[in-house]
Amino acid sequence: MEFILYEVKGAVATITINRERALNALNSTVLDELNACLDAVDLDTVRCLILTGAGVKSFVAGADIGEMSSLTKAEGEAFGKKGNDVFRKLETFPIPVIAAINGFALGGGCEIAMSCDIRICSDNAVFGQPEVGLGITPGFGGTQRLARLVGAGMAKQMIYTARNIKADEALRIGLVNAIYTQEELIPAAEKMAAGIAKNAPIAVRNCKKAINEGLDVDMDQAIVIEEKLFGDCFETEDQKYGMAFFLDKNKEKVKEPFKNC
Ligand code: CO8
C-alpha cells in the first residue's frame, strides 16, 4: 500500500497513516487503503488495534483540502460517504481500536480519532474542527461524534468557532483519556493494547458491542442488549476456563492465555 503501514506484534496490530509530506491528510487513496487494511486484519490472532500517524508532527491534519476544493455537491456527498463508511467500519470493528494521536488531529483527523474506542495523545497534539473556516461542515461524523463525546455545548463551541484546542484542554473536556510525551505515546498505547489483548477476547468484543449498541437505544433496550451478550459468553471456552481458574485454589497454577473460543 502507498499510504498505510500495517505491523503486527503478537496480538496487537498497528495501522499507521503514512502520508507525512501532507501531514497524513486523508485523500481518497488513503481512505480506500485504510478500508482494505481493516478488511485484511486477521481477527483470529489480532485482539487490539492501534491507529496512529507517521512522523512526529501530525496524526491526521484532516481530509485532503486540495482534493475537496473542486468537488460538486454530489461529489462532496460521495466523498463524505466514503469517509463515513470507513470510519463506521472502524467504530464497529469487532476488536478495540486505540487512537494514538501524535500531533495534529484536525477536521477528519479529529473525526477518525473519535471513531476509535479510546484516544490517548502526545503533549504536542492539537484538536479541532476547522471546517466552517473552509466553508464546509464537518463531514466525516464530527457533528455527531463530538457532541456525543464531549456534550452538545462544548461540541457546538468547537465547531462554530473552528478554534483548535491543545492536549490539556482535550483531556479536560474528555476528548482524550491521557497525555504522554511523544516518546512515551506509542509504548503507552502498546502497553494498553497488550493489557486488553490478554483478556478474554470474545468477552472484550461483546463489551464493545454492548457499549456501542446500547448507547444508540433507550435504557430498557440497552440492558436487553447487555443481557444477550452476557449470556453468549457462557457458550465460550474462555468463560469456562476463566472462572475455573479463579475457583481453583491451587495458587501454583499459572494462567494460560485465553483461546478466543
Ligand atoms: N489537506 C491537504 N494538504 C494538507 C492538509 C490538508 N488537510 N494539511 C496539511 N497539508 C499539507 C500542506 O498543504 C503542506 O503541503 P506542501 O508542503 O506541499 O505545501 C504540508 O501538508 C505541510 O503543511 P503546512 O506547511 O501547512 O504545515 P504547518 O506546520 O505550517 O501547518 C497545519 C500545519 C496547522 C496543520 C496546517 O497544515 C493546516 O492548517 N492544515 C489544514 C488543517 C485543516 O483545516 N483540516 C481540516 C480539513 S477539512 C476536513 O477534514 C473535513 C473532513 C470532512 C470531509 C467531508 C467531505 C465531504
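Select, from Phe246, Phe230, the only residue that is hydrophobic (A, V, I, L, M, F, W, C), out of contact with any helix residue (DSSP H, G or I) (no Cβ under 7 Å at 6 or more places or on another chain) and either exposed (fewer than 11 other Cβ atoms within 10 Å of the Cβ) or not in a helix (DSSP H, G or I) (or both).
Numbers: Phe230 fails: either exposed (fewer than 11 other Cβ atoms within 10 Å of the Cβ) or not in a helix (DSSP H, G or I) (or both).
One residue alone meets the criteria, Phe246.
Consider Glu7 against the criteria (1) more than 21 Å from Lys208 (Cα to Cα); (2) open to solvent by 10 Å² or more (accessible area, probe 1.4 Å); (3) within 16 Å of the ligand (Cβ to nearest atom): it satisfies all of them except one. Which criterion is unmet?
So the condition that Glu7 fails would be (3).
Would you say Glu190 is part of a helix (DSSP H, G or I), over 30 Å from Lys57 (Cβ atoms) and modelled with pLDDT of 95 or more? If you could, list the steps in order and put the result at the bottom.
Numbers: part of a helix (DSSP H, G or I): yes; over 30 Å from Lys57 (Cβ atoms): no; modelled with pLDDT of 95 or more: yes.
So Glu190 fails the test.
Looking only at segment 125-134, count every residue that is touching a helix residue (DSSP H, G or I) at 6+ places or on another chain (Cβ under 8 Å) and free of Cβ contacts under 8 Å to residues at least 60 places away in the same chain and tell me the total.
Taking segment 125-134 as the starting set, the residues that turn out to be touching a helix residue (DSSP H, G or I) at 6+ places or on another chain (Cβ under 8 Å) are 125-129, 131-132, 134.
Then drop every residue that is not free of Cβ contacts under 8 Å to residues at least 60 places away in the same chain, which leaves 126-129, 131-132.
Counting residues in segment 125-134 that are touching a helix residue (DSSP H, G or I) at 6+ places or on another chain (Cβ under 8 Å) and free of Cβ contacts under 8 Å to residues at least 60 places away in the same chain gives 6.
State whether one or more residues within segment 21-43 are of a type in the set (Lys, Arg) and under 28 Å from Asn124 (Cβ atoms). Explain how you work it out, then say what you get.
Filtering segment 21-43 for residues of a type in the set (Lys, Arg) gives 21.
Checking which are under 28 Å from Asn124 (Cβ atoms) leaves us with 21.
Checking segment 21-43: at least one residue is of a type in the set (Lys, Arg) and under 28 Å from Asn124 (Cβ atoms).
Which one of these is charged (D, E, K, R), within 10 Å of the ligand (Cβ to nearest atom) and open to solvent by less than 70 Å² (accessible area, probe 1.4 Å): Glu67, Glu77?
Glu67
Kindly establish whether Gly174 is touching a helix residue (DSSP H, G or I) at 6+ places or on another chain (Cβ under 8 Å) and within 24 Å of Cys121 (Cα to Cα). Before you say what the answer is, go through the steps one by one.
Values: touching a helix residue (DSSP H, G or I) at 6+ places or on another chain (Cβ under 8 Å): yes; within 24 Å of Cys121 (Cα to Cα): yes.
Criteria met by Gly174.
In segment 17-41, what residues are open to solvent by 20 Å² or more (accessible area, probe 1.4 Å) and among the β-branched types (Val, Ile, Thr)?
Within segment 17-41, just Thr29 meets the criteria.
Are any residues in segment 144-165 under 19 Å from the mean Cα position of the chain (by Cα) and among the basic types (Lys, Arg), and if so, which ones?
Arg145, Arg148
With respect to Ala61, is the statement that it is in contact (Cβ under 8 Å) with a residue 24 or more places away in the chain and within 8 Å of the ligand (Cβ to nearest atom) true?
Details: in contact (Cβ under 8 Å) with a residue 24 or more places away in the chain: yes; within 8 Å of the ligand (Cβ to nearest atom): yes.
Yes, satisfied.
Considering only residues that are more than 12 Å from the ligand (Cβ to nearest atom) and touching a Ser or Thr at 6+ places or on another chain (Cβ under 8 Å), look in segment 98-144 and name the one that is most open to solvent (accessible area, probe 1.4 Å).
So the residue we want is Asp123.
Among the residues of segment 155-177 satisfying the criterion of being among the hydrophobic types (A, V, I, L, M, F, W, C) and farther than 24 Å from Glu213 by Cα, which is farthest from the ligand (Cβ to nearest atom)? Before the answer, list the steps.
If we filter segment 155-177 for residues that are among the hydrophobic types (A, V, I, L, M, F, W, C), which is where we start, we get 155, 158-159, 162, 165, 167, 170-171, 173, 175-176.
Filter once more, so that each one left must be farther than 24 Å from Glu213 by Cα: 158-159, 162, 165, 167, 170-171.
Working: Met158: 13, Ile159: 11, Ala162: 9, Ile165: 13, Ala167: 15, Ala170: 15, Leu171: 20 Å.
Looking at residues that are among the hydrophobic types (A, V, I, L, M, F, W, C) and farther than 24 Å from Glu213 by Cα, I get Leu171.
Quick one: which residue in Phe230, Phe258, Phe245 is among the aromatic types (Phe, Trp, Tyr) and closer than 28 Å to Arg148 by Cβ? Give the derivation first.
Numbers: Phe258 fails: closer than 28 Å to Arg148 by Cβ; Phe245 fails: closer than 28 Å to Arg148 by Cβ.
Sole residue among the options that is among the aromatic types (Phe, Trp, Tyr) and closer than 28 Å to Arg148 by Cβ: Phe230.
Quick one: in segment 107-139, which of the residues that are of a type in the set (A, V, I, L, M) and not in a strand (DSSP E or B) is nearest to Asp216 (Cα to Cα)? Steps first, please.
Of all residues in segment 107-139, those of a type in the set (A, V, I, L, M) come to 112-114, 118, 120, 125-126, 132, 134, 136.
Restricting the remaining residues to those that are not in a strand (DSSP E or B) gives 112-114, 125, 132, 134, 136.
Values: Ile112: 19, Ala113: 19, Met114: 16, Ala125: 30, Val132: 27, Leu134: 31, Ile136: 27 Å.
Among those residues, the one meeting the criterion is Met114.
Using the structure shown, decide if Val97 is without any contact (Cβ under 8 Å) to a residue 40 or more places away in the chain, within 20 Å of Glu7 (Cα to Cα) and under 17 Å from the mean Cα position of the chain (by Cα).
Values: without any contact (Cβ under 8 Å) to a residue 40 or more places away in the chain: no; within 20 Å of Glu7 (Cα to Cα): yes; under 17 Å from the mean Cα position of the chain (by Cα): yes.
No.
Among the listed residues Val176, Val204, Val217, identify the single one that is of a type in the set (A, V, I, L, M), in a loop (DSSP other than H, G, I, E, B), surrounded by 15 or more Cβ atoms within 10 Å (Cβ to Cβ) and modelled with pLDDT of 95 or more. Write out each step before concluding.
On the way: Val204 fails: in a loop (DSSP other than H, G, I, E, B); Val217 fails: surrounded by 15 or more Cβ atoms within 10 Å (Cβ to Cβ).
So the residue among Val176, Val204, Val217 that is of a type in the set (A, V, I, L, M), in a loop (DSSP other than H, G, I, E, B), surrounded by 15 or more Cβ atoms within 10 Å (Cβ to Cβ) and modelled with pLDDT of 95 or more is Val176.
The values are calculated or read from the model by the stated rules, or taken from the named source; none is laboratory data. Since the model is a prediction, treat every value here as computed from it, not as a measurement. In this analysis, Cβ positions are derived from the backbone assuming ideal geometry, glycine residues included, and neighbour counts consider all displayed protein chains. To get the accessible areas, we keep the full protein, side chains included, count just its heavy atoms, and leave off ligands, DNA and RNA. Shrake-Rupley method; radii C 1.70, N 1.55, O 1.52, S 1.80 Å.
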